[in-house]
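To start, the structure under review is shown below, and the notes come after it.
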Amino acid sequence: MSEKFYITTPIYYPSDKLHIGHTYCTVATDTMARYKRMQGCEVMFLTGTDEHGQKIEDKAREAGVTPQQFVDNIVEGPKGVKDLWKLMNVSYDRFIRTTDDYHVAAIQKIFRQMYDKGDIYKGTYKGKYCTPCESFWTESQLVDGKCPDCGRPVVDAEEEAYFFKLSKYSDRIRDLLENTDFLQPRSRVNEMIHNFIDPGLEDLCVSRTSFQWGIPVDFDPGHVVYVWIDALSNYITALGFQNGRYDDYAKFWPADVHFVGKEIVRFHSIIWPAMLMSLDQPLPKHVYGHGWLLLDGGKMSKSKGNVVDPYLLAQRYSADALRFFLLRSFPFGSDGNFSNELLIQTINTDLANDLGNLVSRTTAMAEKYFAGTLPAGQRADEALDGELTALASGLRDKYEEAMERYQFQDALSAVFQVIGRANKYIDENAPWALAKDMDANGPRLARVLYNLLETIRISAVLLTPFIPDTCAKIFDQVGACEGCRTWDSAKVWGSLSAAVTVKKGENLFPRIDMEKELAELEEAEAAAKKAALPAVEIEPAVEEPVDFDTFCKSDFRAVKVKACEAVKKSEKLLKFTLDDGTGTDRQILSGIHKFYEPEDLVGKTLVAIVNLPPRKMMGQVSSGMLLSAVHKEHGEEKLNLIMVDDAIPAGAKLC
Ligand code: MSP
């Protein structure tokens, strides 16, 4: 029977469209899942969305839709979470949504099971709450009085709530963290021990009554289950724990590894194991806390407005280029600074120059010198070939050692070291010089090209989990049969038949002109940002009521524009001379030059409020205010003066 491998990503909050930071973890998980499948494992790769909580409830209200409609749109809608994973070639086996019925029912059972065991009890919650993070904090955990995760202000909260006896599991968790390799990289262990275990674990508030968008506690309606209890359990409900929708819990649990970002390591390495201990279930084998992608030194986040759109980049450079960049440029356990320059430079150096060139030079030479098919009679030269063949033959072991540690960057470095060596091998053997005397050197030239094709083939097998589309093209170009594309064959030098036929294809990664591209990319990003803004945005209604008598004191009149001109030295102001029906001209100044040319307004009938106290603007008196309608289109302010029927006489009262 084949080995099982269960790997997960965090389930994403569908509170906004996902950015490239989210893509990072999913691409890493996908690469690991593909690698394990290639090795012959039976893989379960789970991802999904974490759809409950106050933040979603608030966002849905702002958008004027129900929370379910709101999350449906971000998960299933155009350019939503599922679309993004499709675009990025993410080969998940299962997708869980925490609003799925089976998950909801299972969470209620899980909550009750922990309650029946005596691990959940009722009390009063008093403390601090960070709404954006949906996290409760004790006073001592705050940093400068703010949320230790995101640095935003917290609010006082007090309510009747259920608590989970986290403190009961403190010693077992300490032992798990200190004495096993459960949490990786090791540096994260010290953080957890120092920040949470040493100060003493407090019981955790696991229900809320102040909002509704969550899973109700079935034996105490009015309480909804704390989102993290709901979310963490996805890893087992998605396999059928406490539900009949799936039945592979016994097969896949415990998970081999949960990949998670560093800010949610606390939940996965303390709360999650404690929950499983309470449920008497085995613990996952590993939790790996990866670093963040930073932009200008800070964490990318939608609320900070500094996010990079993976759609734009994948459509411009291909999913493979983006996948490769993410795992090649940053060590998985540490933070990394994202920049467009680094992205383009990585594509140019590794993919266009080193890999792309090697493939295109080798296949072009095989076509040019041998019409595409190498002759079987070849002459090896140990002194010249030995280093390259040894490196390529030993590559799989090196790569595997790095992949087993989740060190994607090291695995890729090993492959690119061999690719670099192969490019040097071309220069050392100068095929073009050998080709000058084919009678004498033909067999040697054939061997040189064969060695290059074999090196490319082995590299492509190992690159497949990272850049699957590109590797399929490479295999076709170098004439690799099915059996030459496998994990086993990556260890066997000479898998390609000697009389192999190549088929040169188009350039895998055309070189990008850095300066030109950076400028175009900036423009495209600005346009995409604008397009992503709501088409029409209107100001929310003022909820505070105004009493009728106060309202009636405002005197609105129809006024006719007799003259209109720009105010000197002001970019914004227009000066109106108006007929308000009194027989004396009224002057009003209005900051609307951006929206109207003065001459276009002469003769129009507008609406003014005329009993405002006069005020001075740029040395001129303004007696009243013209009414206009304002809104935003794609983030840009729009203004339309209220114009009424010209049949209405100047001075007519509007009521
Ligand atoms: N819903 C929770 C996870 C629950 S798992 C039981 C959550 N969702 S999230 O959408 O906010 O984040 C999902 C993952 O994306 C997290 O692992 C987070 O660390 C990761 N990232 C979000 N921004 C990131 C970067 N800028 N860089 C790298 N990863 C980042 O947390």
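The values are calculated or read from the model by the stated rules, or taken from the named source; none is laboratory data. Predicted model, so just to flag it, every value in this text is computed and none were measured. Quick reminder, even Gly has a Cβ in these numbers, built from the backbone with ideal geometry, and neighbours come from all protein chains shown. Surface areas here come from the heavy atoms of the whole protein model, side chains and all, with no ligands, DNA or RNA. Shrake-Rupley method; radii C 1.70, N 1.55, O 1.52, S 1.80 Å.
Some points to look at:
- Residue within the range 324-334 that is away from the ligand (no atom under 11 Å from the Cβ), more than 30 Å from P254 (Cα to Cα) and under 15 Å from the mean Cα position of the chain (by Cα) present: yes
- Criterion (modelled with pLDDT under 95 and aromatic (F, W, Y)) met by exactly one of W85, W137: W137
- For the range 339-360, the criterion of being touching a strand residue (DSSP E or B) at 6+ places or on another chain (Cβ under 7 Å), open to solvent by 30 Å² or more (accessible area, probe 1.4 Å) and within 16 Å of the ligand (Cβ to nearest atom) is met by none of the residues.
- Where helices (runs of 4 or more DSSP H) fall entirely within the range 197-315, those with at least 1 residues that are within 16 Å of the ligand (Cβ to nearest atom) are at 227-232, 234-237, 272-278.
- Within the range 19-55, the residues that satisfy the criterion of being within 11 Å of the ligand (Cβ to nearest atom), touching a helix residue (DSSP H, G or I) at 6+ places or on another chain (Cβ under 8 Å) and of a type in the set (D, E, K, R) are D50, E51.
- When residues in the range 193-244 are screened for being open to solvent by 10 Å² or more (accessible area, probe 1.4 Å) and over 23 Å from I56 (Cβ atoms), 15 of them pass.
- Answer residue from the range 503-554, given it is surrounded by 12 or more Cβ atoms within 10 Å (Cβ to Cβ) and among the basic types (K, R) and is farthest from P310 (Cα to Cα) among those: K503
- Taking the criterion of being without any contact (Cβ under 8 Å) to a residue 60 or more places away in the chain and among the hydroxyl-bearing types (S, T, Y), the only residue of the range 33-48 that qualifies is T47.
- Out of S269, S318, S233, S278, one residue alone is at positive phi and either touching a residue at least 60 places away in the same chain (Cβ under 8 Å) or charged (D, E, K, R) (or both). It is S318.
- Any hit, the range 149-167, residues being within 16 Å of the ligand (Cβ to nearest atom), over 28 Å from P331 (Cβ atoms) and either open to solvent by 20 Å² or more (accessible area, probe 1.4 Å) or touching a Gly at 6+ places or on another chain (Cβ under 7 Å) (or both): yes
- Some residue of the range 22-31 being on the phi > 0 side of the Ramachandran plot and at pLDDT 95 or above: no
- Those strands (runs of 3 or more DSSP E) of the range 555-629 in which 2 or more residues are open to solvent by 80 Å² or more (accessible area, probe 1.4 Å) and not β-branched (V, I, T) occupy 556-566, 615-617.
- Taking the range 630-648 as the range and being out of contact with any Ser or Thr (no Cβ under 9 Å at 6 or more places or on another chain) and either open to solvent by less than 50 Å² (accessible area, probe 1.4 Å) or at pLDDT 95 or above (or both) as the test, the residues that pass are H631, G635.
- Any hit, the range 6-18, residues being in contact with a strand residue (DSSP E or B) (Cβ under 6 Å, 6 or more places away or on another chain) and more than 11 Å from the ligand (Cβ to nearest atom): yes
- Summed over the range 398-409, residues that are in a helix (DSSP H, G or I) and either in contact (Cβ under 8 Å) with a residue 60 or more places away in the chain or in contact with a strand residue (DSSP E or B) (Cβ under 9 Å, 6 or more places away or on another chain) (or both) total 4.
- Filtering the range 130-158 to residues that are within 16 Å of C205 (Cα to Cα), out of contact with any strand residue (DSSP E or B) (no Cβ under 8 Å at 6 or more places or on another chain) and among the hydrophobic types (A, V, I, L, M, F, W, C) leaves only C133.
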